[in-house]
Amino acid sequence: MENFNSANIADFKNVWVFCEQRQGELMPTTLELISEGRKLADELGVELCGILLGDKVEGLVPQLGAHGADKVYLCENPLLATYTTDAYTKVIVECVEQLKPEIMLFGASNIGRDLAPRCAARLHTGLCADCTHLDVDMPIYKDFLKKSSTLGDEKIDKMGTVMVQGEKHDVSRDLKMTRPAFGGHLMATIICPRFRPAMATVRPGVMKLSAYDEAKAASVKVERPAFSLADEDLKTRVREIVKETREMVDLTGADVVVSVGRGISKDVQKGIALAEELAEVLGGVVGGSRAAIDSGWLPADHQVGQTGKTVHPKMYFALGISGAIQHKAGMQDSENIIAVNKNAAAPIFEVADYGICDDLFKVVPMLIEAFKAAKD
Ligand SMILES: Cc1cc2nc3c(=O)[nH]c(=O)nc-3n(C[C@H](O)[C@H](O)[C@H](O)COP(=O)(O)OP(=O)(O)OC[C@H]3O[C@@H](n4cnc5c(N)ncnc54)[C@H](O)[C@@H]3O)c2cc1C
């Protein structure tokens, strides 16, 4: 588009969230991002807009309003009924070129991970993947650093400008996108100072969902931006969607997660059976460390951590898990962490609310009995 230049930063306004739906159902990450986007839009004093693509999906709009969207850009077309990279990229890029959002957020789902980089490249802007924290407002960002980083207050207080191509750049209106780097050994904050929109993906379960607000659900505005899409724009066709018959575990939505690690290696079958029994008594689900997944003891969708799922249940059990930084990245915000490990120096005890230093094969049966007795 002729009047679009991603380097003309002053042209861009508002926060957008890509509202991922599959077969007419919004993905939970979408609502988490709408909740987070609300915070960013308020910090910037702008509107929060959802962009919803699909066919006959207008019925999803109130949900987006209820969690904080002021407006939803609705793009309906039979060719958008099922996700394809070509069609979704084309429509989103056309809408961004017309309406020029300042920030754009995507869920780091398979679809988001496919779509966001394609859009960023077409729009000639930057994308930061798998963010775990987002801020705009400098005082709020500095507060976050003071609470969560090892940087001294003096260093943090001085922040406000960076050098960009030899010139001082004020970062106060930039999106600060924080994500793990170097295998999770440090956190990096990334900005996109020269181009807009600043684009980020965020994994499911990372951002907190705001409460459903009936009044906002009723007042959200809908606009239908113009876009062109023809059959010949689609290079790929989805002929059929076949759902996996195995039920995927809902780790992110569970109140209780019982995770096992390499510590069950002495008797894997028994270790998993104990975790399943404990989870069943407490109405929870079984998760695992990457060591447990890589060993083939549990399917990949059970993995908790930086490259697995991020969970914050009411109770998180870490059974025979050492507490590597990449594992902690996915569970340390749980309300109560109960760790069982026979090594008193295991790092998991640093984040545990309750630590039991002993053999899990001895401790877990006792826990099961105790919780069963408490229920009766
Ligand atoms: C880029 C990258 C991404 C990663 N992403 C993830 C991720 O998403 N999730 C993740 O979990 N890891 C991840 N890892 C791997 C991570 O670094 C660790 O290797 C992994 O978490 C270790 O798993 P573990 O704690 O089960 O095993 P170990 O570190 O081997 O710990 C086993 C623990 O069990 C204890 N134990 C042994 N026997 C018993 C017993 N009978 N009773 C009680 N305790 C016992 C031991 O004392 C030990 O502390 C990642 C690594 C990298 C480099």
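A few points about this structure:
- Each of 346, 189, 4 was placed along the dipole of the chain (beta-carbon charges, centred on the mean Cα), and the one lying farthest toward the positive end is 346.
- Degrees separating the helix 138-148 axis from the principal Cα axis of the chain, which is the longest one: 20
- Think of each Lys and Arg Cβ as +1 and each Asp and Glu Cβ as -1; about the Cα centre, that makes the dipole of region 256-375 roughly 120 debye.
- Computed from Cα positions, the angle between helix 110-123 and the longest principal axis of the chain comes to roughly 30 degrees.
- Residue by residue, region 307-321 carries 3J(HN,Hα) couplings of 9, x, 9, 9, 10, 9, x, 5, 10, 10, 9, 10, 9, x, 10 Hz when phi is fed to the Karplus relation 6.51 cos²θ - 1.76 cosθ + 1.60 (θ = phi - 60°); x denotes Gly or Pro.
- Counted by neighbouring Cβ atoms within 10 Å, the residues 220, 238, 46 run from fewest to most as 238, 46, 220.
- Computed over the alpha carbons of the chain, Rg followed by Dmax gives 22.7, 71 Å.
- Between the Cα long axis of helix 85-99 and the first principal axis of the chain there is an angle of about 60°, rounded to the nearest 10.
- 21 Å Cα-Cα threshold exceeded, pairs from 309/372; 13/176; 39/176; 266/362; 314/375: 309/372
- Placing +1 on the Cβ of every Lys and Arg and -1 on the Cβ of every Asp and Glu, with no other charges, gives the chain a dipole of roughly 700 debye about its Cα centre.
- Positive-pole candidate from 230, 263, 286, dipole of region 202-346, charges at beta carbon: 263
- Based on Cα atoms of region 256-375, Rg over Rh with Rh as the Kirkwood radius reads 0.92.
- Cut-off 9 Å between beta-carbons: net charge of the residues surrounding residue 66, Lys and Arg +1, Asp and Glu -1: -1
- Dipole of the chain [Lys/Arg +1, Asp/Glu -1 at C-beta], most positive-end residue of 89, 180, 21: 180
- The Cβ shell under 14 Å around residue 274 holds other residues with a net charge of -3, Lys and Arg each +1, Asp and Glu each -1.
- Taking 164, 260, 93, 242 and counting other C-beta atoms within 10 Å, the order from fewest to most: 242, 164, 93, 260
- Per-residue Cβ neighbour counts within 10 Å put 52, 186 in the sequence 186, 52, beginning with the fewest.
Computed from the coordinates by the stated procedures, all read-outs in this text should not be read as laboratory data. Everything quoted here is computed from the prediction, not taken from an experiment. Neighbour counts are summed over all protein chains in view; Cβ atoms, including those assigned to glycine, are modelled from backbone coordinates with ideal geometry.
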